[in-house]
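To keep things clear, I will list the structure first and then write my remarks on it.
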Amino acid sequence: MGLKQHIHWLWNATEGLRLPILFNSITGILRVCVSLSFVWVCKQLIDIASHTTDGSIGYYTALLIVIVAIELSLSAWNNYLENKNDICLKNKLRHKLFTNAMLSAWSGKEGFHSGDILNRMEEDVRLVSETFCKILPSVIVACFQLFAAFLFLTRLDTQMAWIMIFIMPVFLLLSKYYMKRMRYLTKDIRTSESRIQSHIQEKIQHKVLIQTLGQNDMVIGKLGLLQNILYGQSLKRIGFTLFSRTLVMAGFATGYVIAFLWGVNGIYEGSVPFGVMTAFLQLVGQIQRPMVDLGGYIPSIAQSVASAERLKELSDIPLEKQGVQLTLDGSTGIRIENISFTYPGGTRQVIQGFSFDFIPGSRTAIIGETGTGKSTLIRLILSLLYPQKGKIYIYNRQQEIVISPLTRCNMVYVPQGNTLLSGTIRDNLLLGNPDATEEELRNVLTTAVAEFVYGLPDGIDTVCGEKGAGLSEGQAQCICIARGLLRAGNILLLDEFSSSLDKGTEQLLMERLISKTKDKTLIFITHRETVAEYCDYIIQLGRKEK
Ligand SMILES: Nc1ncnc2c1ncn2[C@@H]1O[C@H](COP(=O)(O)OP(=O)(O)OP(=O)(O)O)[C@@H](O)[C@H]1O
């Protein structure tokens, strides 16, 4: 993808903030005007002091103080605006990318490692935002400063002004090559940083597993290897930056020395007054400083173009269909008509010409060996995946609709394993229904055989770690079931929901669940006979047994 597209993406991302950024640039321009007035007042003061011109020292001193005060105020205001815009843009970008990630379609597995997403949302967002809110206004101000100082200098000495500005095209020519190279070097570095973050995040998440596998050394060693790669790439970039910067600085130092010697010569010959010499040296600084600043901004701009590329990749993930949810009232069934499904990039058809009618209010167990496609079937019913052939409908007495993400509101899904998040048990339950009352919470916890919650020292407000750390697997699973039950929806999809429970608890759970979900359609994925015994139908994938 070309540079133009990244810049275009960056431009769109700043919608709503362009005016504040422009305002910040205008404040910067005012600051430059004030600092040029400072040069002029200094020149006047020196000329008056050296009797080259007439005037009041008191008047110009007062003017000087006012100018310094204005410059300080503008500088503080500039800084405030810069940081304010930066925070706003960072929040905006992160919010946009997080929304995108949460609403993105799923094709069987995530396209990005969670550590990589985190790294992009933090570091790349920071770089891009800094470039727009701090560097871009500074570039505008630097260009203005360059232009204004050049005009001022031409009034003092046209020839010297042109010599100073001559460095400019050479500088621009060099910067184009520099930008390109820097962009590639930065992209490699950012990829390595993402890898390191993914490695750390995943390994810390599974610390106990790694300890029990006895692979601590291997995991720590891998971090060392990844860091070595990053170290090498960073050194390469530092070397390149230093070399380029030294080259530019050498050019400018030469310019300054030439200007200085020219002034000394003028004073010696009596053709240049002291005031002009001081103003001249200050103006040379005012021309060279923005050039050096511009040179310093190039690495940041190159880095943020590489970052924009990475952020654009995140924001380009296709989204799920959005719109008004389609809720069916009363007992709801699912009709599957001759569906076939292969995972993207897969060669094996996981589901082949499968048909079944889950009639409203029925209970069905889906059984089958490992890897036969039970969870895949549930994902298809949830419209997380789409069959390449055939159709799935949900229906009640009045209507029948083809399923889509918009019909997901009719489903209550309890996934395999422990899916608790960090926070209190209440926080976890409210994910099922944020408006649930205390009584509703108690009811679902009872149905899910999770009354133990009220026996904990902090009851329903007990804080759990990631994945419900602090609870047993079975307890966590019961809370996950309770969370699912809080959700409205007449079709319950329960994937190995009782796998961590003992037989007695499982039986109690099934009895309570069935008595509480009389008109609902229940679909269980299970390896347990106890669960299958409570069902009207058993599907061994592709084969109806009862
Ligand atoms: N994201 C994916 N990409 C490609 N193939 C996949 C993906 N997820 C699952 N599969 C394949 O699809 C097949 C069915 O997987 P699925 O998870 O539906 O099996 P399952 O019957 O639920 O197994 P289990 O009883 O172990 O949970 C497996 O062979 C698996 O390798």
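Any read-out appearing in this document is the output of simple, stated calculations on the displayed coordinates, not a laboratory observation. If you're wondering where the values come from, they're calculated on a predicted model, not measured in any experiment. Please note: Cβ atoms are built from the backbone with ideal geometry, for glycine as well, and neighbour counts cover all protein chains shown.
General observations
- Using only side-chain charges placed at the Cβ, +1 for Lys and Arg and -1 for Asp and Glu, the dipole size of the chain relative to its Cα centre rounds to 1340 debye.
- What the Cβ-Cβ distance of TYR184 and SER271 gives, at R0 = 41 Å and to the nearest 0.05, is a FRET efficiency of 0.20.
- Listed peptides 475-486, 306-317 appear in the order 475-486, 306-317 once ranked by packing, highest mean of other Cβ atoms within 10 Å at the front.
- Cα-based reach from LYS92 at 16 Å (exclusive), listing aspartates and glutamates while leaving out same-chain residues under 8 positions away: GLU15, GLU82, GLU122, GLU123, ASP124, GLU130
- Intensity falloff of the chain expressed as log10 I(q)/I(0), Debye formula with alpha-carbon point scatterers, at q = 0.05, 0.09, 0.12 Å⁻¹: -0.38, -0.84, -1.19
- Taken along the Cα-to-beta-carbon direction at a fixed 7 Å, the label points for ARG348 and THR99 span 4.1 nm.
- Computed about the Cα centre, the dipole magnitude for the stretch 15-163 is approximately 380 debye when only Lys and Arg (+1) and Asp and Glu (-1) carry charge, each at its Cβ.
- Extension gain, THR530 to TYR177: 0.36 nm times the residue separation minus the Cα-Cα distance gives 120.1 nm.
- Secondary-structure-derived ellipticity at 222 nm for the chain, considering helices only, amounts to -21000 deg cm²/dmol, per-run term -39500 (n - 2.57) for DSSP H runs with n ≥ 4.
- Between SER50 and THR246, the simple label model (points 7 Å from Cα in the Cβ direction) yields a spacing of 3.7 nm.
- Difference of contour (0.36 nm per residue) and Cα-Cα distance, ASN79 to THR154: 23.9 nm
- Modelled label reach - ILE238, point 7 Å along Cα→Cβ, the stretch 292-323 residues with backbone N closer than 14 Å: none
- Of all DSSP bridge pairs formed entirely within the chain, close to 55 percent run antiparallel.
- Under 17 Å from LYS207, Cα to Cα: lysines that are on another chain or at least 8 residues apart: LYS222, LYS467
- Prolate/oblate/rounded call for the stretch 275-355, Cα gyration tensor, a/c under 1.5 rounded: oblate
- GluC sites (Glu not before Pro) within the stretch 1-91: DSSP coil, no more than 15 neighbouring Cβ in 10 Å: GLU15
- Rough spin-label spacing in nm, given labels placed 7 Å along Cα→Cβ, for LEU456 and ASN216: 2.9
- Segment GLU511-VAL402, length gained on full extension (0.36 nm per residue, minus Cα span): 36.0 nm
- Zone of ILE26's modelled label, taken as backbone nitrogen in the stretch 66-93 under 19 Å from a point 7 Å along Cα→Cβ: 71, 73-86
- Electrostatic dipole magnitude of the stretch 333-544 [Cβ: Lys, Arg +1; Asp, Glu -1; Cα centre; debye, to 20]: 900
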